[in-house]
Amino acid sequence: MDIRTTGGPATAEEMAAVDGLLGEPESLWEGGERRGSDDHLAYGGRATRSRRHLLLPVLHAIQDRSGWVSRGALEYACRRLSIPPAEAYGVVSFYARFGLQPRGALSLHVCDDIACKCAGAEELCAALENAHGPSGVVWHRSPCLGLCDRAPAALVERAGMQHKDRQIAPFTLAQAESILGGGAWPEPATYSMPRQAQPKLLRRIGAVDPESLESYRLHGGFTALGRAEVIGSDAVIREITESRLLGRGGAAFPTGRKWESVAKAAARPHYLVCNADESEPGTFKDRVLMENDPFAIVEGMAIAALATSCEKGFLYVRTEYPLARRRIENAIAQARAQGILKLEIEVRRGAGAYICGEETALFNSIEGKRGEPRNKPPFPVDVGLFGKPTLVNNVETLLNVVDIVVEGGASFAATGTKDSTGTRLFCASGHVTRPGIYEVAMGTPLRALLDTAGARKVQAVLLGGAAGSFLTPDQIDVPLSFEGTRAIGATLGSGAVLVFDDTADMKQVLLRIARFFRDESCGQCVPCRVGTKRQEEILERMLGGRDGDGRSDVLLLSDIAQAMRDASICGLGQTAANAIASGLTQLKVLNV
Amino acid sequence: MFGAGGGTSSYQEAEETDLIILWGSNARETHPIFFHHLLRGVRGGAKLIAVDPRRTSSAEWADIWLGIDVGSDIALANAMAREIIHAGLAHTEFISRATTGYEEFARCVEAYTLERAEAETGVPAAAIKEVALAYARAEKGMICWTLGITEHHNATDNVLALINLGLLTGKVGRYGSGLNPLRGQNNVQGGGDMGAIPARLPGFQDLEDPEIHDKFARAWGGATFPGRKGWHLSEMFEAMDRGDLSSLYIVGENPARSEADQGRAVRLLGGLDHLVVQDIFLTHTAQMAHVVLPAAAGWAESEGTVTNSERRVQRVRRALEPPAGARDDIDIICELARRLGSDWGHPTAEQVWDECRSLSPMHAGMAYRRLEELGGIQWPCPDESHRGTQFLHARLWKHPVEGPRAPFHAVEHDPPVDRLSEEFPIRLTTGRRLDSFNTGVQTNEYTSPLRKGEALLISPEDAQRIGVEDGECVRVSSRRGSVDVNVRIEPTLRPGLAFMTLHFPDQVSTNILTIDATDPKSGTAEFKASAIRIDKIPAQVPAS
């Protein structure tokens, strides 16, 4: 608080960006001009510190305006929110989006993650490096942007009074040159769903106007919320419990049980968080849902809040999804304006941190802190956001809820298998001729999905994203259910299905995964911070062919993997070795 | 207070109270350990109010900061009392059962209307009222203060004004409520407890009480010693000035740099017939001495005990042998006694402590073994079955009240002695910073990334008016002298208020500026309020 940054004062533009979000400062002590009463009186303390959770929105405002976060701007933000600058600096430097060095207004983020690699991202990056120098100045390599169905992908941003950001895919070198040369940006493509039999969750995609509440109503929108209001909280939870719905975010926890815990929690207020921080490489279903059926997600949140008596909702969406964010914000605004949505929902932007998909890291991020996971227990249903009972659900889970309330839990449970009810969304990408989102009943064999998506000469399938594991061609008859995948030591995870044909360089894929985890480890706990780094180093050494003794390296990797699984605080560290281990042992990528 | 010279509360209570007023204390920088306890309270929901002329880094944590004019504390406290009484929030039951002097006090504060308080303090009336009512209404509330209250010519009255607020609202003698002077060193409390003040014997016992005097005389083998109180530090300097004091034995103090009106202090010390200094460093004062007695460090090279702000007596253990030639304080004193004709032997620290316990009832139960077992004990601890006392004055809530009732003291506002004038228009207040300690004897030997050396801190408005820039050297003058010092622009200071420390006496002798107007009861000088002027130093014409 008394420790100041070494930078100069904030510029008028930076201050305007902060004030645009927080309002004008009311006193010298908030960073304004001296007024007479400031000489002898100041209010602040808890009242000011209680706005700490606005730190990330404030940093976004600065970044949007200036293209980076200067020390002066940071100090001003700290003054406004009563945060020690050293602590705020720790927050800024945590998130990939915020620049601590001056950057140009224009920034181009080119995805070089797995699916985009399959679609020629490396060649694109090499050409850009040739023409514009290495990544990190004018253009930036980026982890998965969630556009795998139209790979390769890019995100372009222009800072300024009118901040603009847009995802572009498929992205070409010609487009890159044009954009970097100041040319116009290509218009976003409309989503076209790959053909599939009788989609249920996806039935409105492409049919409904995602920007019109009326259109959503014409497709049966908000009947579920109406029914929930009639039957009441207990009955809604009973239906959800009867449906045996398991959470679609990856951890597959019974949704009904979670709802019941929050509903019964004595502490107040209760918070609802919709986890839309979809960042698992190869996963894009939540983006498609938010972009094309946003009102349904809002309706799902309203039902969840009603059932668990949450006073306030947050939807945390990764910053790389600008269109999804705008569509959701529009849907909330329309539903609020029409009086259909009583719940206050705030949309919060992530800032480029995969770890924030972990629920407790996400809480810290909303609270304006570094996105470092918390130890569990206590679990979010007891001590979650702002230390209060919190219901966290994934986008797809909430979409299922809408249907369950209408059709009833028993009817929902009739689809799928005994232990995995309902349908599930899968994101097919990589070497498939018809990439996109597919909805299949739980228990459908993976082979059927691959056939529909048009996979040929399959060398491997990465199921569940970077945190999942590789399947060999002789494993692709596995039924797509929680228990089916568990039986072969795999996981459905986020629903990512990355397909590699016989031309794919699996060594490069493994290295990319290792680099991803090293980069995204939050660094809080040692097993993960050191383990992900060592994993990458060893893999590089093995791929480089040095030292010859691959077997001892495999043993070392498996030791590290065990330490990370046993001792990491959160799922990132616990799963960071899975894909690589399966690549080495199942696929025999290195023949060791 | 009320006969016990210590803070009433424990640190744990600061963590669990509902409201804390930090009054004249920048505890975040000057009492960082206590501040950690306080912050736990704040994080747990306690309201924090800071009363300080400067908006310090402690005040930045406060829900409300009252930026009073220097030396207007009594006006503020009395007006708060008046508001509390008028709002019907005085704790009448406690007042009638456990206190004396309420009527006179109430008559006195009646003159302190909000309007008058606003005029004296500069703080808007509504805010004074708000804080008064918040304090009175809090279930548990604490007032904590330090030198901002005591470094004034009317220090004792300032303290009494705060105690009055505690009595008025019944916020003393209960868990989580209390009145707490924060001690600036690990053993300031212990020094007073052990009788290193003019009117007290070990255990804070009254020297002038014949019974107590006799008790000590008997225990010390019929030794004779004066039965009347001696001089405090400021009185000693007055005695030197008169020529009544010609020999001085100083232990662990650096008055040649720490006294107000330093020019006078150095002159008087230099005029002594005989000066003995016992210290772990060759301080400025030691350099003036006829005899220097090198001592072992109290915290790492000696055995013994210290007593902290919550009255907790704790063991100190020797970790290192002192450097060659430096000796334990007990050795030095016993050796002196032997050469003066009394053989006190070679007692260990524990033997000295046990003797103290036999004479001081409040320490009686604190055997070394028990101090270790219990992690220190808070006095009073009358016997070896007693676990110490977490907070003082629970007796005031007993039916009937045990011991003497607690007196209100009607005290009047009396502004600083060093008046502002056209010639000296700026109020200089002094204080301390996180990275340095007092005159720097213990801290200036090592570096700190925070430490930037001495400077005159002034508001941007004053800097502009005087026409000086950050870092520019200026001449600062008071009615006593002048120093040259670099300006540092400090936006948290208001126009008309300047700040300096006394951490760097070799660089800038801040105490040349301060006034030695002294509180007659406590002997503390008014370091907090000097009137100064700031002049640009004319550019030197380069020699051709």
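Identify the residue in the stretch B:186-203 that is in a loop (DSSP other than H, G, I, E, B) and not small (Gly, Ala, Ser) and, among all such residues, is modelled with the lowest pLDDT. Working first, answer last.
Taking the stretch B:186-203 first, the residues in a loop (DSSP other than H, G, I, E, B) are B:186-187, B:194-199, B:202-203.
If we keep only those that are not small (Gly, Ala, Ser) too, we end up with B:186-187, B:194, B:197-198, B:202.
Numbers: B:186: 85, B:187: 89, B:194: 94, B:197: 88, B:198: 90, B:202: 94.
Of everything passing the filter in the stretch B:186-203, B:186 is modelled with the lowest pLDDT.
If I ask for residues that are out of contact with any Ser or Thr (no Cβ under 6 Å at 6 or more places or on another chain) and within 8 Å of chain A (Cβ to nearest Cβ), which ones from the stretch B:57-77 would you list?
Here is the first cut: in the stretch B:57-77, the ones out of contact with any Ser or Thr (no Cβ under 6 Å at 6 or more places or on another chain) are B:57-67, B:71, B:73-74, B:77.
The answer is B:57, B:59, B:60, B:61, B:62, B:63, B:64, B:65, B:66, B:67.
Residue by residue through the stretch B:98-108, note down the ones that are touching a residue at least 60 places away in the same chain (Cβ under 8 Å) and in contact with a helix residue (DSSP H, G or I) (Cβ under 8 Å, 6 or more places away or on another chain). Write out each step before concluding.
Keep residues of the stretch B:98-108 that are touching a residue at least 60 places away in the same chain (Cβ under 8 Å), which gives B:98-102, B:104-105, B:107-108.
The answer is B:98, B:99, B:102, B:105, B:108.
How many of the residues making up the stretch A:36-75 are within 13 Å of chain B (Cβ to nearest Cβ), among the aromatic types (Phe, Trp, Tyr) and touching a residue at least 24 places away in the same chain (Cβ under 8 Å)?
The total comes to 0.
Among all residue pairs at least 6 apart or on different chains, which show Cβ distances below 8 Å where the first residue, located in the stretch B:118-138, is farther than 15 Å from residue B:81 by Cα and the second is surrounded by fewer than 17 Cβ atoms within 10 Å (Cβ to Cβ)?
B:124/A:37
Looking only at residues that are within 11 Å of chain A (Cβ to nearest Cβ) and assigned to a helix (DSSP H, G or I) in the stretch B:36-56, which one is surrounded by the most Cβ atoms within 10 Å (Cβ to Cβ)?
B:42
Tell me, which strands (runs of 3 or more DSSP E) lie completely within the stretch B:241-358 with 1 or more residues that are acidic (Asp, Glu) and surrounded by 15 or more Cβ atoms within 10 Å (Cβ to Cβ)?
In the stretch B:241-358, B:274-279 are the strands (runs of 3 or more DSSP E) which contain 1 or more residues that are acidic (Asp, Glu) and surrounded by 15 or more Cβ atoms within 10 Å (Cβ to Cβ).
Can you list the helices (runs of 4 or more DSSP H) found entirely within the stretch A:505-587 that contain at least 3 residues being out of contact with any helix residue (DSSP H, G or I) (no Cβ under 8 Å at 6 or more places or on another chain)?
The qualifying helices (runs of 4 or more DSSP H) are A:526-543, A:550-567.
When you look at residue A:56, is it under 27 Å from the mean Cα position of the chain (by Cα), not assigned by TED's automatic domain parsing to the domain that holds residue A:145 and not acidic (Asp, Glu), yes or no?
For residue A:56, the condition - under 27 Å from the mean Cα position of the chain (by Cα), not assigned by TED's automatic domain parsing to the domain that holds residue A:145 and not acidic (Asp, Glu) - is met.
Output the number of residues of the stretch A:367-395 satisfying the condition of being buried (at least 24 other Cβ atoms within 10 Å of the Cβ) and farther than 14 Å from residue A:270 by Cβ.
Pass one, the stretch A:367-395, residues buried (at least 24 other Cβ atoms within 10 Å of the Cβ): A:371, A:373, A:380, A:384-385, A:389-395.
Still in the running and farther than 14 Å from residue A:270 by Cβ: A:371, A:373, A:394-395.
Of the residues in the stretch A:367-395, 4 are buried (at least 24 other Cβ atoms within 10 Å of the Cβ) and farther than 14 Å from residue A:270 by Cβ.
Being without any contact (Cβ under 8 Å) to a residue 60 or more places away in the chain and crowded, with 19+ Cβ neighbours inside 10 Å is the filter here; which residues of the stretch B:13-35 pass it?
Across the stretch B:13-35, the qualifying residue is only B:35.
Considering only residues that are among the acidic types (Asp, Glu) and in contact with an Asp or Glu (Cβ under 7 Å, 6 or more places away or on another chain), which ones fall in the stretch A:456-507?
Within the stretch A:456-507, A:483 is the sole residue that qualifies.
Counting only residues that are surrounded by 18 or more Cβ atoms within 10 Å (Cβ to Cβ) and under 22 Å from the mean Cα position of the chain (by Cα), give me the strands (runs of 3 or more DSSP E) lying completely in the stretch B:464-544 with at least 3 of them.
The qualifying strands (runs of 3 or more DSSP E) are B:497-501.
Can residue A:554 be described as outside the structural domain of residue A:361 (by TED's automatic domain parsing), aliphatic (A, V, I, L, M) and either touching a Phe, Trp or Tyr at 6+ places or on another chain (Cβ under 7 Å) or modelled with pLDDT of 95 or more (or both)?
It is false that residue A:554 is outside the structural domain of residue A:361 (by TED's automatic domain parsing), aliphatic (A, V, I, L, M) and either touching a Phe, Trp or Tyr at 6+ places or on another chain (Cβ under 7 Å) or modelled with pLDDT of 95 or more (or both).
Would the stretch B:142-160 turn up any residue that is in contact (Cβ under 8 Å) with a residue 40 or more places away in the chain and more than 20 Å from residue B:524 (Cβ to Cβ)? Spell out the reasoning first.
Taking the stretch B:142-160 as the starting set, the residues that turn out to be in contact (Cβ under 8 Å) with a residue 40 or more places away in the chain are B:142-160.
If we keep only those that are more than 20 Å from residue B:524 (Cβ to Cβ) too, we end up with B:142.
Within the stretch B:142-160, one or more residues are in contact (Cβ under 8 Å) with a residue 40 or more places away in the chain and more than 20 Å from residue B:524 (Cβ to Cβ).
Of all residues in the stretch B:81-128, count the ones that are more than 14 Å from chain A (Cβ to nearest Cβ), part of a helix (DSSP H, G or I) and more than 29 Å from the chain's Cα centre (by Cα).
The number of residues fulfilling the criteria is 10.
Being among the hydroxyl-bearing types (Ser, Thr, Tyr) and over 20 Å from the mean Cα position of the chain (by Cα), is that true of even one residue in the stretch A:381-396?
Looking through the stretch A:381-396, none of the residues is among the hydroxyl-bearing types (Ser, Thr, Tyr) and over 20 Å from the mean Cα position of the chain (by Cα).
Working only within the stretch A:508-535, note down all residues that are more than 14 Å from residue A:466 (Cα to Cα) and surrounded by fewer than 23 Cβ atoms within 10 Å (Cβ to Cβ).
Matches in the stretch A:508-535: A:523, A:524, A:525, A:526, A:527, A:529, A:530, A:533, A:534.
The values are calculated or read from the model by the stated rules, or taken from the named source; none is laboratory data. On a predicted model such as this, the values are computed, not experimentally measured, just so you know. A quick note on method: Cβ atoms are made from the backbone with ideal geometry, for glycine too, and the neighbour counts reach across all protein chains shown.
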